[in-house]
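Novice: One structure, as structure tokens, below. Some questions next.
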Amino acid sequence: MRNIMFLGMLFLTFGANAQEVKMNASEISSFKNQIKEVSEKTKTITSDFIQYKHLDFLTEDIKTSGKMTFKAPNWVKWEYTKPYQYSVIFKDNVLLINDGGTKSDVKISSSKLFKQLNKLIINSVTGDMFDEEQFDILYSKTENYNKVILTSKDKNFAKFIKTFELHFNKKTGAVIEVKMIEPSEDFTKIIFSNRVDNSTLSDAIFTN
Amino acid sequence: MRYLLISFFFLGLGSCSLKTTKDLLGVDLSKSIVKNPYFSDIKKDYVYKAKIEVYGNNFGGILIVKKQSEGIHRVVFTTEFGNKLFDFLYEEDNFTVNYIVKELDKKMIVNTFQKDFKLLISEQQNVVNQYQSKNFEVYKTANLNRNNFYFYNKKSATLDKIVSTSKRKEKVIILFDNSKDNNANLIVINHKNINLNIELVKFKK
């Protein structure tokens, strides 16, 4: 009986390995170079996104969707259009919010937590977030995408978000999925689609 | 002069009495329990876009309510990005904060939200008095130091309003609007003693 269980576990482990493999040192270095190159030449991005919020006690994940716009070096606009209208512009040290017509500005310098979160959201758009001082980082690959898992070293931040998981298109180096996992294992998953790089975007898009 | 003083005295008294029951007529009890049906279905996920206005500041998020089993509710508030700001557990008369972000972890904030959402999700209360107006059947319930008035619309038979009061003053009013099949599509929680207003709009499928 014990042998059967052992065999079963062995197969399970192999099964998992077949899907996802750790990158070796040279793969990590060429992957990092790819992301660095991509984020350097990316001046603007527009992309659709679908967001799934998973809470273990809910029957269904909560689905929202909209459009993300990025302009280098660090302006980002998240615009939710379904099921409600809400947009937030990350611009320098201010958030410009339009909540269904109610506009407000929030200075983010007052909260370290939100400052960190904002920085991560901005960086996750280009994928350039491999800060080893801030995170323990694991690099792996599957048949379809490259995967990076970032675990926060900051204990306070880790209470809020334990790990970030990013999936990258192998060929283009574009971020295709971002997953923020809480200590409770509840998570938010954002999937990007219809991404267009380096189209001309007016600054007026980033005003409230 | 004396009459004037006496009239002022009565005027004063008048303004001290509870506004909620002013135009209501007391009637005999027709039931002993009043129900709030809006968060009572175990099979449903109740998800709302929330807009909160507190002393002129606006912030938003997503409010999620789930009845997990008889007498047990979870109330979770997240940012639009889904990051949890608080996670409350209500078990009968017990209340547990499963999680709250450091920035909101202040006694007054927790107490206010805890009471608001308790009032919002409480499914049934014992009726102590009953009233009537042209449009409403009104059931009064008594808690520790608060009275709650449940306004049932005579025509639609929906719960349209809960008013929570002290002996003399209205403290919190919850309005349920556009209700159908025990779903409240718009909920407004309006505080009378502090400058706090919460608007909840149900997610459309």
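Novice: Report the calculated FRET efficiency for B:S32 and B:N182 (r = Cβ-Cβ distance, R0 = 25 Å), to the nearest 0.05.
Specialist: On the way: r = 21 Å, r/R0 = 0.84.
So, using R0 = 25 Å, E works out to roughly 0.75.
Novice: Run the Debye formula on the Cα coordinates of chain B, all scatterers equal and no solvent, and tell me log10 I(q)/I(0) at q = 0.11 1/Å.
Specialist: Result of the Debye calculation: -0.56.
Novice: Using alpha-carbon positions, what is the distance between the centroids of the range B:179-201 and the range A:130-158, in Å?
Specialist: One Cα centre to the other: 41 Å.
Novice: Under 13 Å from the 7 Å Cα→Cβ point of A:E177, by amide nitrogen: which residues of the range A:137-159?
Specialist: Answer for the range A:137-159: A:141-149.
Novice: How about the range A:53-159: which chymotrypsin sites (Phe, Trp or Tyr not before Pro) there lie in a loop by DSSP and see at most 16 other Cβ atoms within 10 Å?
Specialist: A:F57
Novice: Separate question: In degrees between 0 and 90, to the nearest 10, how far off the longest principal axis of chain A does helix A:112-126 point, with axes built from Cα atoms?
Specialist: It works out to around 80 degrees.
Novice: Within the set A:K43/B:K102; A:K36/A:K91; A:K107/A:K159; A:K53/A:K159; B:K49/B:K102, which residue pairs have Cα atoms separated by over 28 Å?
Specialist: Working: A:K43/B:K102 36 Å; A:K36/A:K91 22 Å; A:K107/A:K159 23 Å; A:K53/A:K159 18 Å; B:K49/B:K102 22 Å.
Exceeds cut-off: A:K43/B:K102.
Novice: Pairs A:K141/A:K179; B:K106/B:K204; A:K147/B:K84: which exceed 26 Å Cα-Cα? Spell out each step's value before the answer.
Specialist: Numbers: A:K141/A:K179 16 Å; B:K106/B:K204 33 Å; A:K147/B:K84 24 Å.
Pairs exceeding the cut-off: B:K106/B:K204.
Novice: Can I ask one more? Using only Cα atoms, tell me the angle between helix A:2-19 and the longest principal axis of chain A; keep it within 0 to 90° and round to the nearest 10.
Specialist: 40
Novice: Please compute the modelled spin-label separation between B:K106 and A:T59, points set 7 Å along Cα→Cβ, answer in nm with one decimal.
Specialist: Placing both labels 7 Å beyond Cα along the Cβ direction yields 3.8 nm.
Novice: Could you check the simple spin-label distance between A:K162 and B:Q114, using points 7 Å along Cα→Cβ, in nm with one decimal?
Specialist: 2.6
Novice: Can you spot the aspartates and glutamates whose alpha carbon is less than 17 Å from B:K161's alpha carbon? Ignore those fewer than 8 places along the same chain.
Specialist: Output for B:K161: B:D23, B:D116, B:E123, B:E137, B:E170, B:D177, B:D181, B:E199.
Novice: Excluding same-chain residues fewer than 8 positions from A:K153, which aspartates and glutamates have a Cα within less than 13 Å of its Cα?
Specialist: A:D131, A:E132, A:E133, A:D136
Novice: While we're here: I need the chymotrypsin sites (Phe, Trp or Tyr not before Pro) found in the range B:32-125, filtered to DSSP loop residues with at most 10 other beta carbons within 10 Å of theirs. If you can, show how the numbers build up before the last one.
Specialist: Working: sites: B:Y38, B:F39, B:Y46, B:Y48, B:Y55, B:F59, B:F77, B:F81, B:F86, B:F88, B:Y90, B:F95, B:Y99, B:F113, B:F117; in loops: B:Y38, B:F39, B:Y55, B:F81.
Hits after loop and neighbour filter: B:Y55.
Novice: Here is a further query. Which angle from 0 to 90°, rounded to the nearest 10, does the C-alpha axis of helix B:2-16 make with the longest principal axis of chain B?
Specialist: 20
Novice: Right, here's the next one. Hey, how much of the P(r) for the range A:86-157 falls beyond 20 Å, as a percent of Cα pairs? Could the numbers behind the result be given before it?
Specialist: Working: 1127 of 2556 pairs.
Percentage above 20 Å: 44.
Novice: Where the convex hull is taken over the Cα atoms of the protein assembly as shown, what is its projected area averaged over directions, in nm²?
Specialist: Details: hull surface 115.2 nm².
Computing the convex hull of the Cα atoms and averaging its projections yields 28.8 nm².
Novice: By its C-alpha gyration tensor, with a ≥ b ≥ c as the square roots of the eigenvalues, how is the range A:21-194 shaped: rounded for a/c under 1.5, else prolate for a/b larger than b/c, else oblate?
Specialist: Details: a/c = 1.43, a/b = 1.33, b/c = 1.08.
Cα axes put the range A:21-194 in the rounded bin.
Novice: For chain A, the longest stretch holding no GluC sites (Glu not before Pro) located in a DSSP loop with at most 15 other Cβ atoms within 10 Å is which? It would help to have the intermediate numbers written out before the result.
Specialist: Numbers: sites that count: A:E20, A:E60, A:E132, A:E133, A:E143, A:E185.
After excluding every exposed loop site, the longest remaining stretch is A:61-131.
Here, each number is a calculation from the coordinates, and none is a lab measurement. Here the structure is a predicted model, which means the values were calculated and not measured. Cβ atoms come from the backbone with ideal geometry, glycine included; neighbour counts cover every protein chain shown.
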